[in-house]
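In what follows, a structure is listed as structure tokens, so that the remarks can point back to it.
The values are calculated or read from the model by the stated rules, or taken from the named source; none is laboratory data. Since we're looking at a predicted model, the values are computed, not measured. For neighbour counting, all protein chains shown are included, and Cβ atoms are generated from backbone atoms with ideal geometry for every residue, glycine included.
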Amino acid sequence: MKKISKLSLLLVVAMTSMSSYAIDSDFLLNVKKGKGNEISFSLNQIKKVNVSIYDDKDNLIYTENATGETGILRTYNLDEFPVGIYYLVVENNLKKVRHEIIISEEKSILTTKAISEVYKPALKNKNVANVD
């Protein structure tokens with residue numbers, strides 16, 4: 001019985017380590033291993049984001065407004081992209097995160113750690129003038 005529980009624990013740890021996680025306090029960007037020139041990621045507990053892909057000269061190549069009930073899961077096939085470095089930008093109303101995409105002849109890699117994070121200020125309209 002102990003061997004079965006040890007084996008199942010080992011299996012759970014191995015399966016969890018198959019994906020890499022970039023954990024932020026605002027949202028979780030789960031980078032999944034892609035096949036060939038595919039990249040995949042998921043955002044848990046996020047219902048609406050803007051996803052953009054830029055080239056190394058900061059030219060916008062692709063953009064979409066992604067929505068989901070309990071989270072967002074996206075997979076992109078990058079077969080048509082030339083070899084090079086690109087950037088995946090994920091933005092919600094609180095923050096903008098930028099990840100690097102490296103495309104080679106054999107495969108595409110989406111970095112698990114964000115290369116930049118910009119928090120957006122939360123502004124409230126408040127009337128400070130008293131009219132008597």
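Odds and ends about this structure:
- Residue in region 71-92 that is among the small types (G, A, S) and under 12 Å from the mean Cα position of the chain (by Cα) present: yes
- Every residue from region 85-107 that is surrounded by 12 or more Cβ atoms within 10 Å (Cβ to Cβ) and of a type outside the set (D, E, K, R): Y86, Y87, L88, V89, V90, N92, L94, V97, H99, I101, I102, I103
- Taking the conditions (1) closer than 15 Å to E38 by Cα; (2) among the β-branched types (V, I, T); (3) without any contact (Cβ under 8 Å) to a residue 40 or more places away in the chain in turn, I72 satisfies each one other than (1).
- Of all residues in region 37-65 being surrounded by fewer than 16 Cβ atoms within 10 Å (Cβ to Cβ) and among the polar types (S, T, N, Q), the one that is farthest from S104 (Cα to Cα): Q45
- Each residue in region 52-69 was checked for being free of Cβ contacts under 8 Å to residues at least 40 places away in the same chain and within 19 Å of E100 (Cα to Cα), and 12 pass.
- Qualifying residues in region 74-94 (those that are part of a strand (DSSP E or B) and at pLDDT 90 or above) - the one nearest to S104 (Cα to Cα): G84
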